[in-house]
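Let me begin by presenting the structure, written as structure tokens, before commenting on it.
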Amino acid sequence: MAIPTQQLATLVAVSFLLLLPHPSAAQPNHLITETCKKTPDFDLCVSSLSAAPRAARATTVRELALAMIHVVEAKATTTSLYIKQLAKTASFRGEEEAALKACEFYYGIIIDYDVPGAVTEVRYANPKFGVDSMVDSAREAELCEEEFRGGNKSPLTGLNMAVRRLANVAVAIIKSVH
């Protein structure tokens, strides 16, 4: 049974259209873009959330907030592992070794208390308390950096700054949750 020419032409046209990328695939996620406009660091927000698999599936600001909290967790975990690696080197002794141990403690607080608290509050309870947890995360990173005062150059400046910036973006997103 042959397909009539008109139906064949329609079938070919529809097949061709199905192969074209969806217009939204080429553009940034609208929810991410609009949410990130309300943060202190738009570019960091968009790049972080665009790379986060949880954010790609997000349909609400609450889900984006949770994704950003997990971005903070990932950076804090990377920093914590780096601190542990540095602490094992012989070049860090005395005050520097004490500073690294303090930083290990501060990052433990972020990973073990601040992130789980923020997730719980944003997901199930009052997002305001999630804000408090992320503010605390930024403060813990700042306290780590302060441990290297007194002539000791911090080997963690870039990582501490990244955690602070990400936590501040998370705070702004959580504040947008209704």
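Key figures
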item	result
Accessible-area order (highest first, 1.4 angstrom probe) of the listed residues H178, H30, H70	H178, H30, H70
Which of F129, F105, F92 is most accessible, then next, and so on - probe 1.4 Å	F105, F129, F92
Extension gain, N152 back to H30 (0.36 nm per residue minus Cα-Cα distance, nm)	39.5 nm
Net length gained if the chain between K37 and E104 were fully extended (0.36 nm per residue, minus Cα distance)	20.8 nm
Protection-proxy order for peptides 51-62, 106-117, 31-42, each taking the mean of Cβ atoms within 10 Å per residue, highest first	106-117, 31-42, 51-62
Cα gyration tensor, the range 47-178 - rounded (a/c under 1.5), prolate or oblate	prolate
Gain on full stretching of the segment that runs from E97 to R57 - 0.36 nm per residue minus C-alpha separation	10.2 nm
The range 36-178: relative contact order in percent, alpha carbon pairs under 8 Å with at least 6 residues between	32 percent
Long pairs among K88/K175; K153/K175; K101/K175; K37/K153; K38/K88; K37/K128, criterion Cα-Cα beyond 31 Å	K88/K175; K153/K175; K101/K175; K37/K153; K38/K88
Accessible-area composition of the range 31-130, carbon plus sulfur, in percent [1.4 Å probe]	57 percent
The range 48-159, accessible area per residue, ligands and nucleic acids excluded (1.4 Å, Å²)	51 Å²
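The values are calculated or read from the model by the stated rules, or taken from the named source; none is laboratory data. All of these numbers come straight from a predicted model, not from anything done at the bench. Glycine also receives a Cβ, built like all others from the backbone with ideal geometry; neighbour counts cover every protein chain displayed. These accessible areas exclude ligands, DNA and RNA; they are computed on the full protein's heavy atoms, side chains included. Shrake-Rupley method; radii C 1.70, N 1.55, O 1.52, S 1.80 Å.
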